[in-house]
Structure formats: structure tokens, C-alpha cells
Amino acid sequence: MENVETAREFYAAWNDRDFERAAELMADDGEILVTGTGERFTGPQGAIEFSRMWADAFPDGRVEITRTIAEGDHVVVLFRGRGTHTGTLRTAAGEIPATGREVTLDLCDVYEFRGGKVKRNLTYFDSGSLLMQLGLTEPAAAPASA
């Protein structure tokens, strides 16, 4: 359960905008990997950079854990993020200027812990939903009925 509490602390630190506290939870060689883009954030400084990337884009953003699943050194965290896109979102594909739109995303992080610290965090989210909510893409057309 210690790993679950450490994972929960990462989100509490983000909600508090205490990025130094989040950094203390990362192993020196730990990494956050954004699946889909392959973007990597390494070590405590990487945790700060990753946290700021989202907080800068969604200054009023909050996350709420909806479920945790733990097995050994692995913890899966399902959570919901909400916020208003009033800052620039820096992504691997480039910067997305503020749209002023509200966003709600369901996300999933898969953690691997070593010695009580985050060794690896694989973060999953629906980037298509994010882009659609930001007004940058159109919803897919419904298939024609036969």
C-alpha cells in the first residue's frame, strides 16, 4: 500500500502546484513516458517539467483519482482531469495556444516503483478527445447506415 500512497501523493502535489514535492517522489533515473508520442521526462527535474507542462496550460486544472489497482511494485491509477485551457500547452508536436475551452479527460497512469520512488510512469490519455474539446479537430462523422 506504500506505493499506492506514493502515487496518490504525486496527484495531491500537482493539485497543490507543489512540483518540488512531486519531484521528490521520482527516482534519479526515473522516467515519465507519454505513450503515443514517446515524449520522455527524466528524473526529478523531468517530473517538474511534466507537471508544469500541464499546469501552465490549465492553471485552474485539478485531478481526481477514481481508482487505484496495485500489484507488487506496480500501481495503476485511473483519474479524471478537468481544467480550462488558458495557457500554452507544450507538446511533442508543438505548442497549442490557449483556447479558453474547458476540458475533461479520463486518464490512466501505470507506475513502477523501486525503493519507494517512481522508476517509471507510463501515462495514457485520449489525445483525440483533448484536441476535439480544445476545438482543434472535428468529431468523427457517424458511419452511414446500411
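Some points to look at:
- A protection proxy built from the mean count of other Cβ atoms within 10 Å ranks the segments 47-57, 113-123, most packed first, as 47-57, 113-123.
- Across the accessible surface of segment 1-109, with the other protein chains kept in place and a 1.4 Å probe, carbon and sulfur atoms take up 46 percent.
- Normalised by the number of residues in segment 1-136, the average gap of Cα pairs under 8 Å and 6 or more apart makes the relative contact order 24 percent.
- Taking the C-alpha atoms only, the angle from helix 43-57 to the longest principal axis of the chain is near 30 degrees.
- Judged by the gyration tensor of its Cα atoms, with axes a ≥ b ≥ c, the chain is prolate; a/c meets the 1.5 cut and a/b is the larger of a/b and b/c.
- Nearest 10 degrees, 0 to 90: helix 2-15 Cα axis against the chain principal axis: 50
- Ligands, DNA and RNA are left out, and with a 1.4 angstrom probe the accessible area of the chain is 55 Å² per residue.
- Stretch gain in nm, segment ARG67-GLU49, where the contour uses 0.36 nm per residue and the Cα spacing is subtracted: 4.0 nm
The values are calculated or read from the model by the stated rules, or taken from the named source; none is laboratory data. Because the structure is predicted, anything quoted here is derived from the model rather than measured. Quick reminder, even Gly has a Cβ in these numbers, built from the backbone with ideal geometry, and neighbours come from all protein chains shown. Ligands, DNA and RNA are excluded from the accessible area calculation, which covers all protein heavy atoms including side chains. Shrake-Rupley method; radii C 1.70, N 1.55, O 1.52, S 1.80 Å.
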